[in-house]
Each structure stands twice: as structure tokens, then as C-alpha cells.
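Computed from the coordinates by the stated procedures, all read-outs in this text should not be read as laboratory data. Computed from a prediction, not measured in an experiment: that's the story for all the values here. Here the Cβ positions follow ideal geometry from the backbone for every residue, glycine too, while neighbour counts run over all protein chains shown.
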Amino acid sequence: MRGNGICTAVLALCRRLKESGIEARLMACENPDPSGPQPEYPLKHFKFPFFEPLIYANGFRYATFSRHTATEAIGWADVVHLCEGFPLEAMTVKLARKMGKPCVGTYHLFTENIMANLGMRKARLLNYLVTLWWRKSVYDRCTHVHCPTETVKQYLLENDFAAKMCVITNGLDIPEKIAPAEAPQEAPFVVLCIGRLSYEKSQDTLLEAMKYSKYADKIQLHFAGKGPYQKKYEKMAAKLVKDNVLRHQPHFGFYNAEQLKTLSRSAYLYIHCAWVEVEGLSCAEAIMEGVVPVIAEGKLTATSQFALDEHSLFPERDARALAERIDWWIEHPAERKAMGPKYAESVKKYNAQEATDQIIQMYKDSIGK
């Protein structure tokens, strides 16, 4: 669904594979828009009892396994690429092995992503058990596991995953010439946060940080995304305005790629608060436009890999520390102006074409060619 990072990454990979001369077909839940593009092998929507409204609010739709459809799809393929660890993938990999087709998997999602959205952030035993089930039923039946970041690889090693691990970014479409925007120097300073409005993305940390910032009255917050926590965050933002913490009413909206690019180019800082994140390319996309980031740092957030110095990092869910970093960048406009172009250049190593070439090589290794 639109706004779902996994869906965006999978569709982008399919497109890039086709552009590289690889015929790629998708088996997935049918598009709810009958006039929109459909996967080559569409599956019926599976609605989870009780949890479906929450799943839908987070931008996900899960599919019902069809042995007939899966047999047709697997029979066509040389290699099967599994993108999650759910029952659909478990049944698909089991069938693929029976049909003699090699499988690879991408670890797009930590179990903590799921538990956090169910209000169980500290469910360590449950996280362990779900991760164990994913490993045994899906990923250990693959020849290779695609890890978007080193953080994912270390997580899988700690959980004894057996398949060969390939650290390959999901990748960005990098233009031939990067032209970062000039850093805006006058108040109000636009502070941008992009991402699904949900518990694990932790946008409330940014809102809470405004209570501790010396320059809160000079800041214009802009939240780009949608999700189950939108109303809660809008109420928090309204209270900050009512209490005279903020002078400028925070904006909330959902935008397409070009609109996000324009927003990023107008921002003074980009804030990424998520405490669990497999990669977080929305951060890199903003950085590419010349905006300087401040990123949460923690064991399960790989997005901190994009930071170039300590002023762009803060401990996860620490609103006071975040306020200090925001204030530092506002008090040091020359450093902010100098770092914008450096950040824009730093994303070149996440080039999508290079990543696609590495994925293709992974397929070849899986097949044995």
C-alpha cells in the first residue's frame, strides 16, 4: 500500500531488475484499486481478526496463500525472492524447495516493529519466539539473506540465522549531479520529520523536545506521513501551541516524492526519531537535498549510519538530548551551511543501480551460476 516502506522497496527493486534485463514478476496481495497496477500473480487479501484496522492504518495488506497461484509463480521462476517472514512466505519457501527452486530472502522487518505497534515494546520473549519462527520457517530455508544494513546482519547473527548474509542497501536513485539546496538562514526554521506516524517511529520525541528547546518559538515543525498515531500527535502539537511553547502551528500531511523533495529543500533540519528501523531511506532521500539530519541512535535503528558527526545523533527517545542537538545547529548556522552539501554527497554510496547489481549476483550465487 502507498506509504508502506516495504512495498516501496519491493516495487522499486522489481522496476530496477527489469531495467537491468532481469524478468521479475511479483506474487502479492491484489491492489485494492482495481484500476491500478496489479501483481503478475495476485493473491486474495487476508484480514486479520481484531488487528486488521491497526494493520490497515500502518499501510499494510497481507495476502492469503494460494497453492495454485504459488505453483504457477514458482514454476515460472529461476529463483524465488521472499520479502518477509510471515506464513505466506513460509508456505511459499516450503513449496519452492519441493519444486527444486532456490530461494533468497530479504529481512525488511524486525519483529520489534510489529510488537511496538501492538503496544508491546518490551516483549522480549515474544520477539525472540517470533524471530525464531521466522528463522526456522523461512530464512534458514533460503540460500542467502539480503540484509539492508550491517545492523540487520548483526541482529541475524545474534539470532543464529544460518543462511549466507549479504549486506546490500535497498538503494536510492541518485541523479548524475547532486544539487543540494542552500540552507535557509532565517526563522521560522523548518524542522522536517518524514515517516509513518506510529509508535516505533517515535515522532512524539520531537514534539516533547520542543519543551526543552531554547528556540521552540522560532521553529516550524512539519510532519510528512500518515498512520495510527496521527490524531494523538496532532493533539500533542495543538497543546504545545496552546501552552505557547510553539508559536507556529505544526503541519501534518501526506506527500508524493516530488513534494517531499521540495519540503526537504526548504528545511533547516531533518529529524529521524525511530527507535527501530531496518534502514530508513526516507532519511537519506532528505539528506540528498542538502538538509542536515538529527538521527536517533540505538541498537535497533540502522538509520544512524547516515550521520556524519556527533551533532547529528541523539540517544533514542531522549527528548532533552534531541532539543540540545536542534539548538546546537540553530546556534551554528555556518556549520549547518557547510554540512548540507557534505551530507548530500554522502548518499552516493547508496546507489540503487550498484545495489541492484549486487542483488542480481546474489541470485546467480543462489542458482549456482
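Quick notes on this one:
- Note that the chain carries a Kirkwood radius of 21.5 Å, evaluated over its alpha carbons pair by pair.
- Rounded Å value of the spacing that divides the Cα centres of the range 193-260 and the range 313-369: 22 Å
- For Ile271, distant residues with modelled amide H under 5 Å away: Leu192, Cys193, Ile194, Val294
- Sites Ser266 and Ile22, calculated FRET efficiency, Cβ-Cβ separation with R0 25 Å, nearest 0.05: 0.10
- The lysines whose alpha-carbon is closer than 18 Å to the alpha-carbon of Lys231, local same-chain residues fewer than 8 away aside, are Lys201, Lys239, Lys242.
- nm² value of the averaged projected area, convex hull over the Cα atoms of the range 206-280: 5.6 nm²
- Straightening the chain between Leu157 and Lys232 buys 23.3 nm, computed as 0.36 nm per residue apart minus the Cα-Cα spacing.
- Bridgeable lysines around Lys337 (alpha carbons under 25 Å apart, same-chain partners fewer than 8 residues away excluded): Lys177, Lys214, Lys218, Lys261, Lys348, Lys349.
- Rounded to whole Hz, the Karplus (6.51, -1.76, 1.60) HN-Hα couplings of the range 146-163, x for glycine and proline: 7, 9, x, 8, 5, 4, 5, 4, 4, 4, 5, 4, 5, 9, 6, 5, 9, 5
- Low-density loop positions, chymotrypsin sites (Phe, Trp or Tyr not before Pro), the range 192-234 - DSSP coil, at most 13 other Cβ in 10 Å: none
- Modelled FRET efficiency - R0 35 Å, Glu258 with Lys44, Cβ distances, 0.05 increments: 0.55
- The calculated FRET efficiency for the pair Glu331 and Gln358, based on their C-beta separation and a Förster distance of 41 Å, comes to about 0.50.
- Cross-link table Lys122/Lys299; Lys18/Lys44; Lys47/Lys136, entries beyond 18 Å C-alpha to C-alpha: Lys18/Lys44; Lys47/Lys136
- Each principal axis of the range 63-152 carries a Cα extent, and these read 42, 29, 17 Å when sorted largest first.
- Karplus 3J(HN,Hα) series, Hz, for the range 111-116 with 6.51 cos²θ - 1.76 cosθ + 1.60 (x for Gly, Pro): 4, 4, 4, 6, 5, 4
- 3J(HN,Hα) along the range 328-333: 4, 5, 5, 7, 10, x Hz, from the Karplus curve 6.51 cos²θ - 1.76 cosθ + 1.60 with θ = phi - 60°, whole Hz, x for Gly and Pro.
- Temperature 25 °C, viscosity 0.890 mPa s: under these conditions the Stokes-Einstein estimate for the range 58-102, based on its Kirkwood radius over C-alpha pairs, is 223 µm² per second.
- Relative contact order of the range 108-196, pairs being alpha-carbon contacts under 8 Å that are 6 or more residues apart, as %: 22 percent
- Interatomic Cα distance distribution for the range 189-349, bins of 10 angstrom, percent: 12, 45, 38, 6, 0
- Across the chain, Cα pairs under 8 Å and at least six residues apart give a relative contact order of 16 percent.
- For Ala28, the residues whose modelled amide H falls within less than 5 Å of its own, excluding neighbours fewer than 5 places apart on the same chain, are Tyr41, Leu43.
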